[in-house]
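Below you'll find the structure, written out as structure tokens, and then a few comments.
The values are calculated or read from the model by the stated rules, or taken from the named source; none is laboratory data. Every value quoted in this text rests on a predicted model; they were computed, and no experiment measured them. A quick note on method: Cβ atoms are made from the backbone with ideal geometry, for glycine too, and the neighbour counts reach across all protein chains shown. Areas reflect the complete protein model, heavy atoms only, side chains present, ligands, DNA and RNA absent. Shrake-Rupley method; radii C 1.70, N 1.55, O 1.52, S 1.80 Å.
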Amino acid sequence: RRAAPGAARDETWARLPGADAARGQWKRHPRPALANPYVAPEGDVEARIAGVWEAMLEIDRVGVHDDFFALGGHSLYATQIISRVRDHFEVELSLHALFEHPTVAGLAAKVEELRRSGATALLPPIRPADRSRPLPLSYQQERMWVLDQLEPGNPFYNVSTAQRYRGPLDLRTAERALHEVVRRHEVLRTSYEAVDGRPVQLVREAYPELRVLDLRRLPEARREREALRMVGAEGSVPIDLRRPPAVRVLLVRMADEEQIMVSTFHHIAVDGWSGGIFFMEWRLAYGALLAGRPAGLPPLPVQYGDYAVWQREYLSGERLERQVAHWREHLAHAPAVLELPTDRPRPPVRSYNGGYFKPYLEPPLKARLEEMARGEGITLFIVMLSVYYAQLFRSTGQEDLVVGTVEANRQREETEPLVGFFINTLALRASLSGDPTLRELFARVREVSLDAYAHADLPLEKLLENLHLERDLSRNPLLQVMFGLERPAMNLFTKGENLETGLRPVEWGEAGLVDTGTTKFDLTYLLKDNLDHVAGVLEYNSDLFDAATVVRMWENYRHMLAQAAERPELRVSEVSVVAPAEEAQVRAWNATAAARPADARVHRLFAAQ
């Protein structure tokens, strides 16, 4: 009667092309040392849930009393686990359930309870849509299209990534592999046009050319500078939505066996998850073609256009009204403006001019934060977002704060292998009234985040349409600041060398992101959890902030995080908001004592100083 641990494995990997070939590189880690002993799952429900956890967390075996957070779980993994458990057992399971029952045994008991109560409302499956007429755009795409109509030919919504490889590269095979990936994903070869006044998407037979820039004759030092310049310039060239493909690829030859592959997409066709799929499939196709085999990228069961049809059918009528009503209530009387202290006055019309800073959170501090988070029963995301709220409060004096964050929005497994624009931006509104302790703030932000994820079906684009906010050309509506802490969701998409290619990915830039010189918000902390450290980018509006100001912001934020790790009982007002180096500088500036003349008149005090 006792099921083998992990007997029911997650099947997503088996359906991915080349998964068998890559599985040798996708290794599971041993179970970490925990305070509780390992206890094997009993029965079908526990075994299935343990199998899902093992596959998602990449752990060799998960015991029924192991804590999700102690195993390294975070918000993105939680979303995917809930999606799989919901589909496995056909029950309406919320994200909140995993945070309330963070063990296999606890979650299994919740599933059994829901089965007995008949709580089986599920998302409908995504099916191939009728292709006899043009397909609509998704809600996310429609707003992107409208913005492009307002400012045609702009690069604001370019998404550029750069991957550096060492090893020999066959250019003709590389281009064939590129075409195989674009063939597989219709959204990359789709044009966006107006028909009867409404935007539609039309799939074309359009494939990108693999352009080559050869820098091998330049001196090595100049080669690196020129590569950085060209990569930045490539990301700044706009993509015409009427003329697919929605991807442009440049190969920079650095040496005979070293190259940088720069892929620039329009955001209407991709999100961050899509970039991982794109490069993974290109490596798989290249390896197969190089070996003289078919590319091995079969047609997908559904395409992004099918998702757009599904979204508009699913999110309509009463369901749409419920979502809109919830967010209206959540954001009622929310402040329209976040008054950040800026280096310069805000221009009357925003220009999207952006700067780019690469922050770093060292392993010892990250480890202390994670240890504290586990003790509080929360994720690193909640901790770092809470401290971001604290920093904004101490900078602005505003107790009522709205911060944006991005959610993957791939509720169904059909969407996981698709390239496309799925992400949704959530408006997280938190109150810092009453001078809470950091621990109390963690609890507030946790509840706000869980509530937002529970109502994440409504795209921000549809929400803004229904809020009827007063238009202000100088800033974004509702959200002026963003925060994100991402972690690779699927190891196969983001790691591994694919031994058949002979290519070895090497670190270059930060997570392959390319600085396009633009930004959409006043300030964005877009961080990446790289297992032992945190890195990423801080994007800022360069019309408002100097680069030195943003560097100081990050150092002060790190200082606040260090205090949170050691003393979560501190009240927000008690947290030092100035890093030691800056505090010493301020004290030096304020050291203005001078000998006081006998007749201490103001003008003579000035003269003495």
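Worth a mention:
- Number of residues in segment 398-447 that are open to solvent by 10 Å² or more (accessible area, probe 1.4 Å) and either more than 28 Å from V159 (Cβ to Cβ) or over 21 Å from the mean Cα position of the chain (by Cα) (or both): the value is 14.
- Condition check for R253: of a type in the set (K, R), in a strand (DSSP E or B) and open to solvent by 40 Å² or more (accessible area, probe 1.4 Å): no
- Qualifying residue in segment 89-107 (condition: β-branched (V, I, T), loosely packed, with under 15 Cβ neighbours inside 10 Å and out of contact with any His (no Cβ under 6 Å at 6 or more places or on another chain)): no
- Residues in segment 26-55 that are surrounded by 13 or more Cβ atoms within 10 Å (Cβ to Cβ), within 29 Å of the chain's Cα centre (by Cα) and more than 18 Å from R374 (Cβ to Cβ): W26, R28, R48, I49, A50, G51, V52, E54, A55.
- Scope segment 299-315; condition open to solvent by 40 Å² or more (accessible area, probe 1.4 Å) and either touching a strand residue (DSSP E or B) at 6+ places or on another chain (Cβ under 8 Å) or at pLDDT 90 or above (or both); matching residues: P301, R312, E313
- Within segment 190-217, if we keep just the residues that are in a strand (DSSP E or B) and small (G, A, S), the residue that is farthest from G420 (Cα to Cα) turns out to be A194.
- Only listed residue being open to solvent by 20 Å² or more (accessible area, probe 1.4 Å), of a type outside the set (A, V, I, L, M, F, W, C) and touching a Ser or Thr at 6+ places or on another chain (Cβ under 6 Å), chosen from E329, E339: E339
- Note on segment 474-508: among residues that are modelled with pLDDT of 85 or more and of a type in the set (A, V, I, L, M), the one that is surrounded by the most Cβ atoms within 10 Å (Cβ to Cβ) is L485.
For (1) touching a helix residue (DSSP H, G or I) at 6+ places or on another chain (Cβ under 7 Å); (2) farther than 30 Å from F279 by Cβ, each residue gets a yes or a no:
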position	(1), (2)
T342	no, yes
F393	yes, yes
F422	yes, no
G434	no, yes
T437	no, yes
F442	yes, yes
D457	yes, no
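- Only residues that are among the small types (G, A, S), open to solvent by 10 Å² or more (accessible area, probe 1.4 Å) and in contact (Cβ under 8 Å) with a residue 12 or more places away in the chain were counted in segment 368-377, giving 1.
- Inspection of segment 97-114 identifies no residue that is in contact with a helix residue (DSSP H, G or I) (Cβ under 8 Å, 6 or more places away or on another chain), among the hydrophobic types (A, V, I, L, M, F, W, C) and closer than 21 Å to A206 by Cα.
- Among residues of segment 379-427 being in a helix (DSSP H, G or I) and among the small types (G, A, S), the one that is nearest to L98 (Cα to Cα) is S386.
- Subset of segment 133-150 (residues that are part of a strand (DSSP E or B) and open to solvent by 30 Å² or more (accessible area, probe 1.4 Å)): P136
- Subset of segment 529-565 (residues that are of a type outside the set (A, V, I, L, M, F, W, C), at pLDDT 95 or above and closer than 17 Å to L385 by Cα): E555, N556, Y557, R558, H559, Q563
- Residue within segment 215-234 that is modelled with pLDDT of 95 or more, closer than 21 Å to H266 by Cα and either touching a helix residue (DSSP H, G or I) at 6+ places or on another chain (Cβ under 8 Å) or surrounded by 14 or more Cβ atoms within 10 Å (Cβ to Cβ) (or both) present: no
- Residue within segment 262-278 that is assigned to a strand (DSSP E or B), open to solvent by less than 30 Å² (accessible area, probe 1.4 Å) and more than 19 Å from L147 (Cβ to Cβ) present: yes
- Within segment 378-394, not a single residue is among the β-branched types (V, I, T), open to solvent by 40 Å² or more (accessible area, probe 1.4 Å) and touching a Gly at 6+ places or on another chain (Cβ under 9 Å).
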